[in-house]
1. Work out the FRET efficiency for residue 383 and residue 495 from their Cβ-Cβ distance, taking R0 = 35 Å, and round it to the nearest 0.05.
2. For residue 386, which sequence-distant residues (separation of 5 or more, or a different chain) have an amide H within less than 5 Å of its own amide H, given hydrogens modelled in the peptide plane?
3. Mind giving me the FRET efficiency for residue 509 and residue 150? R0 is 25 Å, r the Cβ-Cβ distance, nearest 0.05 is fine.
4. Between residue 354 and residue 480, what is the label-to-label distance in nm when each label sits 7 Å out along the Cα-to-Cβ direction?
5. If 438, 591, 44 are ordered by their accessible area, calculated over protein heavy atoms with a 1.4 Å probe, which sequence runs from highest to lowest?
6. Modelling each spin label as a point 7 Å along the Cα-to-Cβ direction, I'd like the residue 599/residue 336 distance in nm, to one decimal.
7. Principal axis extents for the range 212-362, Cα atoms only, whole Å, descending order, please.
8. Just the Cα atoms of the range 44-178: what Rg and Dmax do they give in Å?
Amino acid sequence: MTVAASRHSSAAPAASLNEQQRAAVEHRSGPLLVIAGAGTGKTMTLAHRVAHLIDCGTPPERILLLTFSRRAAAEMLSRAQSLTRDGGTRRVWGGTFHAVAAHLLRLHGRAVGVQPDFTVLDRSDTADLLNLVRSALTETYERKRFARKETLADIYSRTVNAGAPLREVLQRCFPWCAADRGAIASIFTAYTQRKRASNVLDFDDLLLFWRALMASPAAERVAERFDHVLVDEYQDVNALQAAILAGLHRTIADVFVVGDDAQAIYSFRSATVDHILDFPRLFEGTRIVPLEQNYRSTSPLLAASNAVIALARARHEKTLVAVRPGGVRPQLITCRDELAQSDAVCDSVLRLREQGIALHRQAVLFRTSHHSDLLEIELGRRNIPFVKYGGLKFLEAAHVKDVLALLRVLDNPRDAVSWFRVLQLLEGVGPVHASRLMTSIGVDGAATTPSPLRALVEGDVVVPDAARPSMTALRALIDELSVERDPVPLASQIERIRRFCEPVFARLYGNAEVRLRDVDQLAVLAAASPSRTAFLTDIALDPPGATSDLAGPPLLDEDYLILSTIHSAKGGEWDAVRIIHAADGMIPSDMATGDAASIEEERRLLYVAMTRARDVLEVYFPLRYHRRPRGAGDAHAYSQLTRFIPDGVLGLFDERVAGDQPLSGGGSDAGAGGTAAVDDALRELWAG
């Protein structure tokens, strides 16, 4: 569809765009690939594009905006709302691939065999159901080490999302499991059967069935809903998502994708940089618009970042140019060992805080979560508050999963994995007895059999003596909140579940009061949801990362330092950024150097970390690492600087040794020796 001339002038909002952004926003028709470098105003460009389409006459409900987080979609639509004349963005189809898939499948899923009242398994539920299936085959797997449930879930998801044969995925990513391919295939087959019997879909099913929709007689009904498709972070799509977009494009000419191949870092989610690199070839007639004016970082920081990514083997050409003038060069700080690194980072954090850069405007980034272990100890010793991203997620906490499992069995009484968890909350009931109870109440029965909810409440269910009081409490809870009765407000349902869980948490977990407060936060979140089904779907598709996502950031001394894995930091920015463990074996990880593609992704990881900094960038390199080899005494291993900062790039950094004060004014050392000598003399006077 060709965009018509605007009925309402949007010249004023467009005046804030640079030439490249305006070219993207006002693109007339056909596929467009926007190569949006870090800090180049990607979100603003997408928001302006949505507003431009609406002001040019496109009905909002005929625009589909696909993102990788609900928060990103909400931010873009909120910005677009302020730019449009009529404020009509509420009707735009905006959300994650998985959320839009869930919505479309509830509308059109019968065409591909999906019943509209399905429930969604989150990632950890998927692992639990795989474990339930696996436990039924113990005679096969007890004789030797076998893949854990989390590994099985990872293998399954990678295979489905990459569209690759199981044999290939095992050989490439899980070679220690390759000998068990037949057994793993059997588990996956049984897992699929259990899902279908329980009317549940996992994350991968949502995309699989959306792709199936695009190949079914319902494809035209799906595609004819939209005139424009916009996709954010296109470098992060996997094979299924790319296939869905190609299916939409068969009917919808105007496909507008934004991404940056230099920030493709999610291969562990089956994303591959090839999709954005090959987009112009796969979508005939593609126009490419690069965004290169960087509004975030200073020129010296961008010079180093550009030099790192320029060594990539394949990329869309672009060079980021700083809009902000001035700035100091990035620093490479060599440390004796990991302890010296932690000490130097804390010194730097406190020094910049005294110079007026608040803690929350500073970040420490690392390749893997455990890389911050020693630093966290030193931060605690110095009383520096911090928040860490990239650790245990809120919904992965056992007590939160207990509450959600209770809600899920109420919403879908044939959800086997949730029943398996709920029944083990009863005192004296373990996995074996829980499986027997599930059979006795008909969890695995046909849809025409009586509801397991009523079977539990009204049937003659045999439980151990120790479980009778808790079974009585569970029956009362199910009876009160059963779907056959008058609906109870969702927040009230969670409050009732909280009362049931109070003695359970006291028996099963430590810090029961803290865990119950998390349940209270769930109730607050649920109050804004229109229904239990909608709440469970939304929280599965876009889970909060921590309780801070529900209740706001923690008030730690009214300020706190940010610690984050590089993957979790993508999309963020801070005035001062420190990258620790810039040594080969850490960046790149020694687990990700098996092939050229993996090494290239590690290079992009460092680039992403560097481009989070606005004013100050410090890269820390420990010379030695402490090791405790099995069967040997303590030992130190010497390291090498990351291969991604070779001599040609190193010249763009100022180098110093931990303990030396950083140089000022972009690296000039004029007069430094004289100043140091005077300061040493003064310190001797003060010491006397």
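1. Efficiency for this residue pair is about 0.40.
2. When sequence neighbours closer than 5 places are left aside, the close amide H contacts are 561.
3. Efficiency, from the Cβ-Cβ distance: 0.75.
4. Between residue 354 and residue 480, the label points sit 5.8 nm apart.
5. 591, 44, 438
6. Placing both labels 7 Å beyond Cα along the Cβ direction yields 3.4 nm.
7. Principal extents (largest minus smallest coordinate, Cα): 64, 32, 32 Å.
8. According to the Cα coordinates of the range 44-178, Rg and Dmax are 21.2, 68 Å.
The values are calculated or read from the model by the stated rules, or taken from the named source; none is laboratory data. This structure is a prediction, so every number in the text was calculated from the model and none was measured. Note: ideal-geometry Cβ built from the backbone for every residue, glycine included; neighbour counts use all protein chains shown. Surface areas here come from the heavy atoms of the whole protein model, side chains and all, with no ligands, DNA or RNA. Shrake-Rupley method; radii C 1.70, N 1.55, O 1.52, S 1.80 Å.
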